[in-house]
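This report refers to the structure that appears directly beneath it.
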Amino acid sequence: MNKSAEIVSRQAGHPSPPLGIVAIVFAVLFNAGLYQVITFSGKAHFPGPWESADTITGYFQAHASEVLVCAFLQFGAAIALGIYTATVVSRLQYLGVRAAGASIALFGGLMTVFSMATASLVLWVMAYPGIAHDVAVLRALYYFSFALGGPGFSVPLGLLIAGVCVPAAFMRLLPKWLVIFGLALAVIGELSWLDLITPKALLLIPLTRFPGFIWLIAAGFLLPKAIKHATTPVRS
């Protein structure tokens, strides 16, 4: 394809799933799964890593069905995020991004997907009949799942967001406020790595995760599908 034909093709629009809708599907599935095991009414809820072994094992013994539904929905959410990741990286390349940011976004997104999918499958194992009654096995699976769904989710999600924000800022593909918001989330996401050595950093995980849903949806709707004017490709 010659240069003029490539420009015409790019002006026609990127053939892809609707990013904003895919991001909404991801957020809805994830939070629908979370709703199964989280409550604000004081009833039994998914235990935190600081809680006792009796509390952790007791929850999974009594609420296997809720955990199973959570695992099912969040595995579906991981698939949606995988589609979003592949599409947003393809969109950046289509719009002329040649910098490392697109590859960093791909790495971060796929690592987040792998962590989510693995965590949900581990939850499925924990909900399997008889597993919750083996205290040692259950606790090992629980902490493994928490690590995957905690910093294993928030750190690479920060890389996905940063990988999109930086080239989008140089090429003015996203509004300035959304770029700043995304970069702030990316920093918080990387700092959530500290949760592996100090419980005080635990708050950084939800501070990345839930505002991250908003950012992914906004970026999905606002990232252009076509080049409306001449734009200089970003190169590493």
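The values are calculated or read from the model by the stated rules, or taken from the named source; none is laboratory data. Fair warning: this is a prediction, and the values are worked out from it, not measured in the lab. All Cβ positions, glycine included, derive from the backbone under ideal geometry; neighbour counts span all protein chains shown. Heavy atoms of the whole protein, side chains included, go into the accessibility calculation; ligands, DNA and RNA do not. Shrake-Rupley method; radii C 1.70, N 1.55, O 1.52, S 1.80 Å.
Rounded to the nearest 500 deg cm²/dmol, what is the calculated helix-only ellipticity per residue at 222 nm for the chain, with -39500 (n - 2.57) per DSSP H run of length n ≥ 4?
Result for the chain: -23500 deg cm²/dmol, rounded to the nearest 500.
May I ask you to evaluate 6.51 cos²θ - 1.76 cosθ + 1.60, the Karplus curve with θ = phi - 60°, for each residue of segment 92-108 and list the ³J(HN,Hα) values in order in whole Hz, giving x for glycine and proline?
The phi angles translate into 4, 5, 4, 7, x, 6, 10, 7, 5, x, 5, 5, 5, 4, 5, 4, x Hz.
If amide hydrogens are placed 1.01 Å from N in the peptide plane, which non-local residues have theirs closer than 5 Å to the one on Arg98?
Val234, Arg235
Within a Cβ distance under 14 Å of Phe153, other residues only, what is the Lys/Arg minus Asp/Glu net charge? Intermediate values should be presented prior to the final figure.
Numbers: positive: Arg209; negative: Glu190, Asp195.
Result for the local shell: -1.
Using θ = phi - 60° and the Karplus curve 6.51 cos²θ - 1.76 cosθ + 1.60, what whole-Hz ³J(HN,Hα) does each residue of segment 122-132 get, with Gly and Pro shown as x?
5, 4, 4, 4, 5, 7, 5, x, x, 5, 5
Taking a probe of 1.4 angstrom, what is the accessible area of Ser115 in Å², to the nearest 10?
Accessible surface of Ser115 is approximately 10 Å².
Just one of [x] 66, 31, 29; [y] 56, 42, 37; [z] 60, 47, 35 is Cα extents along the principal axes in Å calculated from these coordinates, so which is it?
[x]
Quote the FRET efficiency, to the nearest 0.05, computed for Phe144 versus Leu222 with a Förster distance R0 of 35 Å and r equal to the Cβ-Cβ distance.
On the way: r = 37 Å, r/R0 = 1.05.
Calculated value: 0.45.
Could you tally the net charge around Leu222, taking each other residue with its Cβ under 12 Å from the Cβ of Leu222, Lys/Arg +1 and Asp/Glu -1? Show your work: numbers first, answer last.
On the way: positive: Arg91, Arg172, Lys176, Lys225; negative: none.
Neighbour charge sum, excluding Leu222 itself: +4.
Gaussian network model of the chain, Cα springs within a sub-10 Å range: biggest mean-square fluctuation belongs to which of Phe114, Phe153, Phe46?
Looking only at Phe114, Phe153, Phe46, the biggest GNM fluctuation is shown by Phe46.
Explain nothing, just compute: Karplus ³J(HN,Hα) = 6.51 cos²θ - 1.76 cosθ + 1.60, θ = phi - 60°, for every residue of segment 176-181 in order, whole Hz, x for Gly and Pro.
Each residue of segment 176-181 in turn: 4, 5, 6, 5, 5, 4 Hz.
In whole percent, and with a 1.4 Å probe on the protein chains, what portion of the accessible area of the chain is carbon and sulfur? Don't jump to the answer; show the numbers that get you there.
Working: 8490 of 11870 Å².
So the carbon and sulfur contribution to the accessible surface is 71 percent.
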